[in-house]
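Here the structure comes first, spelled out in structure tokens, and everything after it is commentary.
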Amino acid sequence: MEKVTIPELKEMKREGRKITMVTAYDYPTAILADQAGVDIILVGDSVGMVMLGYSSTLPVTMSEMIHHAKAVVRGVKRAIVIGDMPFMSYNASIKEAVKNAGKFLKVGCDAVKVEGGAEIAETIRAIVDAGIPVMGHIGLTPQRFALLGGYKLQGRDAASARKIIEDAKALEKAGAFSVLLELTTVEVAKIITEELTIPTIGIGAGPYCDGQVLVVTDILGLTMWTPTPKFAKQYVNLSQIILNALKNYVNDVRELKFPTEEHSYHMEKGEFEKLVSSGIR
């Protein structure tokens, strides 16, 4: 399993080979995604909503992201691991942005992801100049959902479409090695993919992107408490499987069916008799 590299991703775009990417937030999931042949694993700030129970990604801290990044890195041998820079880890100053991006590489990530378009091009350029690969993120940018009026489809009219296309070009010019397009119209994603020399990764952006990304819990059906987005495809309903297993465990314990002899351990032969003869009871 040779390590995927950033130059290889660009080669995949040139050759028309699709790039696969999923989120992962822990060691066992990272192992499985890596063994499945996923090219990129994103330690997304969506961990806040998916794993930590936050109502949005905004409360997620650098400490929380680094904690989960460390776990994912330990489970990956082949895939590129990208650390998602959380809200306010790169917004206050370029110096702080570079410092926080470096923290992800120090724990073993291969790159970072940053939300925003032309307005953060200078920040991306500084991070790249520091030797840290950057994936851009435009279209729906969840950290700015309030400014966007909620989690809405982007690029529905000509003016907003032009802005997204210009943002994509600005990110490439700033040195980003790839651009993630979230909840963006198919037409806009197709234009960007054709005009950029770097790979585009889509999530809710149609089939023309160079690659696709999904949140792993959507793939596995582990978000039964929230509706699965239209753009996601659920491949198995693990929530129901896990719920049934836990219910069976509860019933087995209550009905004295678990543990049984096969799940139990005994003292060495003759040792129990010695214990009893010693007057222990």
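The values are calculated or read from the model by the stated rules, or taken from the named source; none is laboratory data. Bear in mind that the values here come from a model prediction, so they are computed numbers and not experimental data. Here the Cβ positions follow ideal geometry from the backbone for every residue, glycine too, while neighbour counts run over all protein chains shown.
So that you can scan it fast, the table gives a plain yes or no per residue for (1) crowded, with 24+ Cβ neighbours inside 10 Å; (2) assigned to a helix (DSSP H, G or I):
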residue	(1), (2)
Gly136	yes, no
Arg156	no, no
Ile165	no, yes
Leu171	yes, yes
Ile192	yes, yes
Leu222	no, no
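Being free of Cβ contacts under 8 Å to residues at least 40 places away in the same chain and either assigned by TED's automatic domain parsing to the domain that holds Val43 or not β-branched (Val, Ile, Thr) (or both) narrows it down to one residue among Leu246, Leu171, Leu214, Leu183; which is it?
Of the residues listed, the single one that is free of Cβ contacts under 8 Å to residues at least 40 places away in the same chain and either assigned by TED's automatic domain parsing to the domain that holds Val43 or not β-branched (Val, Ile, Thr) (or both) is Leu246.
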- request: State the number of residues belonging to segment 201-211 that are on the phi < 0 side of the Ramachandran plot and either without any contact (Cβ under 8 Å) to a residue 60 or more places away in the chain or surrounded by fewer than 20 Cβ atoms within 10 Å (Cβ to Cβ) (or both).
  value: 5
- request: State yes or no: is Thr226 within 24 Å of the chain's Cα centre (by Cα), modelled with pLDDT of 95 or more and surrounded by fewer than 11 Cβ atoms within 10 Å (Cβ to Cβ)?
  value: no
field: Failed criterion for Leu105 (all others in (1) surrounded by fewer than 16 Cβ atoms within 10 Å (Cβ to Cβ); (2) out of contact with any helix residue (DSSP H, G or I) (no Cβ under 9 Å at 6 or more places or on another chain); (3) farther than 25 Å from Ala189 by Cβ hold)
entry: (1)
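Taking Ser89 as the residue in question, decide whether it is surrounded by fewer than 17 Cβ atoms within 10 Å (Cβ to Cβ), of a type in the set (Ser, Thr, Tyr), assigned by TED's automatic domain parsing to the domain that holds Ala130 and over 16 Å from the mean Cα position of the chain (by Cα).
Working: surrounded by fewer than 17 Cβ atoms within 10 Å (Cβ to Cβ): no; of a type in the set (Ser, Thr, Tyr): yes; assigned by TED's automatic domain parsing to the domain that holds Ala130: yes; over 16 Å from the mean Cα position of the chain (by Cα): yes.
It is false that Ser89 is surrounded by fewer than 17 Cβ atoms within 10 Å (Cβ to Cβ), of a type in the set (Ser, Thr, Tyr), assigned by TED's automatic domain parsing to the domain that holds Ala130 and over 16 Å from the mean Cα position of the chain (by Cα).
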query: Would you say Ile82 is assigned by TED's automatic domain parsing to the domain that holds Gly211, among the β-branched types (Val, Ile, Thr) and over 25 Å from Glu122 (Cα atoms)?
result: no
Residue among Thr57, Thr5 that alone is among the polar types (S, T, N, Q) and under 26 Å from Gly221 (Cβ atoms): Thr57
query: Before we move on, is Ala97 over 24 Å from Ala79 (Cβ atoms), out of contact with any strand residue (DSSP E or B) (no Cβ under 6 Å at 6 or more places or on another chain) and surrounded by fewer than 22 Cβ atoms within 10 Å (Cβ to Cβ)?
result: no
- line: Lys77: passes all of (1) of a type outside the set (Ser, Thr, Tyr); (2) over 24 Å from Ile31 (Cβ atoms); (3) surrounded by fewer than 18 Cβ atoms within 10 Å (Cβ to Cβ); (4) within 18 Å of the chain's Cα centre (by Cα) but (2)
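When you scan segment 94-106, do you find a residue that is at pLDDT 95 or above, in the same structural domain as Lys18 (by TED's automatic domain parsing) and part of a loop (DSSP other than H, G, I, E, B), even just one?
Looking for residues that are at pLDDT 95 or above, in the same structural domain as Lys18 (by TED's automatic domain parsing) and part of a loop (DSSP other than H, G, I, E, B), one finds none in segment 94-106, hence no.
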message: Based on this model, can you work out whether Lys230 counts as closer than 30 Å to Arg17 by Cα, out of contact with any helix residue (DSSP H, G or I) (no Cβ under 7 Å at 6 or more places or on another chain), part of a loop (DSSP other than H, G, I, E, B) and in the same structural domain as Gly136 (by TED's automatic domain parsing)?
response: yes
